[in-house]
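Engineer: There's a structure below that I have some questions on.
We did not get these values from a lab; they are worked out from the coordinates using the rules stated. Keep in mind that what you see is a predicted model, and the values were worked out from it rather than measured. Cβ: placed from backbone, ideal geometry, glycine included. Neighbour counts: every protein chain shown.
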Amino acid sequence: MEHSAELVRRSERVFTPALHLYYPVAVASGRGTCVLSADGKHYLDFSSGLAVLNIGHNHPRVVAAARKQMESLIHTGGIYYNETTVAAAEKLVSITPAGLDMLFFSNSGAEAVEGAIKLARFVTERQGIISFTRAFHGRTLGALSVTTSSAAYRRRYHPLLPSVYQVPYPYCFRCPYRQSSDRCDLCCLHELEETLKHRIPAEETAAVLIEPFLGEGGYFPAPATFLKALRKLCDRHGILLIFDEVQSGMGRTGRWFAADHAGVVPDVMAVAKGIASGFPLSAVVARRSVMEKWPSGAHGTTFGGNPVSCAASLATVDAITEEGLLATALGRGTALLERLNQTIGCHPLVGQVRGFGYMVGIEFVTCDGFPNGSACEEVLAHCLKRGVILIGCGPERHVIRFIPPLNVSEEELESVLAILEEGVSALS
Ligand SMILES: Cc1ncc(COP(=O)(O)O)c(C=O)c1O
């Protein structure tokens, strides 16, 4: 039996079936964009380990920094201070949008979202949270209460957090109001205003939480006009604006954060995934004026700010900066969109290719324009067979997330594009 098949068999005996992995491939080692399976097969990982490995697998700087840190101190446990943890926090606030200059470290994306919600409720002394239909913010009960990318994630977990309301995400490709980008009356925003009029008053609303670039829900960037208007609405009512940049942050879009594309600064930001190149770390980052109202002991953690994760985070930010990876991803990302639009954009089953930098979504449609999960699955299967790991998203799993590491080589990119284009053209 192949090693991968044997490992899948052992996993199925020991892990709950609730744990879902994308592919039955056991990976033995990884470097950059390449991973080697336990069966000796080479793959190009264009999922970046689920949008985490923005500088690829086992970047030498990350490995060296983590190794060095492990030799001196592994754990602080919220008991004492450590230079590496403080330096990582200083580094992170130096790249987040201006004004977001204090943070709380935790371990996962969901934990950062939980922290952001707690912070907003605590400092505003209001209960209401407004999030967006299609959003994904994590699996813990608080984060799940604001997650609506798929009802499957919420099945049998009700009742969830009270005083949480959803309004439509500005997913313009499938505009719920049937408008077009050149004729948009920002109806999604009006819906939010209606919610404040009819469902929860503004003075009881703590925060509006949004992914500025929708991830799991379908890879769609919210229009800058919408985010700007949202900022104004929150200011008008004293509501905190929280951006979940867990997936879209840390250079993925060719800027440090998707917020930078829109030129909108939120009050609070959740950051995770790419922050430490695979080591568990996340952060709630916020304006000083907000954070200073969160007193000692109002939130806490045992593992958050782990020195080894923080060493990896410092190395990650330095690598992205010194290797000029933001500019590379931004420039090559634009060329990538042009290329994909030319090669597969006109295919009748491709509805839209969109994104910024190396955060690109390819949406598959049926001939009638409905989400086409089976076409997407067929292309993903073709790619996997040809040694390319790509993953889907969207409620019907009908969108490919094209998310290589920012330091992917031109040759790797070219070879994957050829395989992807071949997969699309083979669709009947
Ligand atoms: C935007 C966003 N928020 C939160 C999360 C939850 O992160 P984690 O799985 O680390 O808890 C994810 C995970 O995919 C995400 O994409």
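Engineer: How do ASP244, ASP39, ASP368, ASP260 line up, fewest other C-beta atoms within 10 Å first?
Structural biologist: If I rank by nearby Cβ atoms, fewest first, I get ASP368, ASP39, ASP260, ASP244.
Engineer: Follow-up question, since we're still on this one. Can you tell me, using C-alpha contacts under 8 Å and at least 6 residues apart, the relative contact order of the range 119-226 as a whole percent? Working shown, then result.
Structural biologist: Numbers: 155 pairs, mean separation 39.1, N = 108.
Dividing the mean separation by the residue count of the range 119-226 yields 36 percent.
Engineer: Something else: Would you please name the chymotrypsin sites (Phe, Trp or Tyr not before Pro) within the range 35-95 that are DSSP coil residues with at most 10 other C-beta atoms within 10 Å of their C-beta? Provide the component values of the computation, followed by the final result.
Structural biologist: Values: sites: TYR43, PHE46, TYR80, TYR81; in loops: PHE46, TYR80, TYR81.
Of the chymotrypsin sites (Phe, Trp or Tyr not before Pro), the ones in loops of the range 35-95 whose Cβ has at most 10 other Cβ atoms within 10 Å are TYR80, TYR81.
Engineer: Based on other C-beta atoms within 10 Å, arrange TYR219, TYR157 from fewest to most.
Structural biologist: In order of increasing Cβ crowding within 10 Å: TYR157, TYR219.
Engineer: Where nothing but the Cβ of Lys and Arg (+1) and of Asp and Glu (-1) is charged, how large is the charge dipole of the chain around its Cα centre, in debye to the nearest 20?
Structural biologist: Taking the Cα centre of the chain as origin, the dipole is about 740 debye.
Engineer: Still on this structure: Pick out which of GLY238, GLY251, GLY305 has the largest mean-square fluctuation in a Gaussian network model of the chain, springs linking Cα atoms closer than 10 Å.
Structural biologist: GLY238
Engineer: Determine, for SER181, SER47, SER374, the number of other Cβ atoms within 10 Å of each Cβ, and report the residues in order from fewest to most.
Structural biologist: The most exposed by this proxy come first: SER181, SER374, SER47.
Engineer: If the elastic network links every pair of Cα atoms under 10 Å, which of LEU36, LEU21, LEU337 fluctuates the most in the Gaussian network model of the chain?
Structural biologist: Ranking LEU36, LEU21, LEU337 by mean-square fluctuation puts LEU21 first.
Engineer: Tell me which residues come under 5 Å, amide H to amide H, from VAL350 once H is placed; ignore anything under 5 positions away on its chain.
Structural biologist: Residues meeting the criterion, in which the H sits 1.01 Å from N, are VAL365.
Engineer: What is the total of Lys pairs in the chain with C-alpha atoms under 17 Å apart, excluding same-chain pairs fewer than 8 positions apart?
Structural biologist: Qualifying lysine pairs in the chain: 4.
Engineer: On to the next question. Please list, ordered by chain and number, the residues whose modelled amide H lies under 5 Å from the amide H of LEU240; skip anything fewer than 5 residues away on the same chain.
Structural biologist: Sorted by chain and number, the residues that satisfy this are ALA207, VAL208.
Engineer: Compare THR16, THR205, THR133 in a GNM of the chain, Cα atoms joined below 10 Å, and give the one with the largest fluctuation.
Structural biologist: Top of the fluctuation ranking is THR16.
Engineer: Hey, what did the chain get for relative contact order, percent, Cα under 8 Å, at least 6 apart?
Structural biologist: For the chain, the relative contact order is 21 percent.
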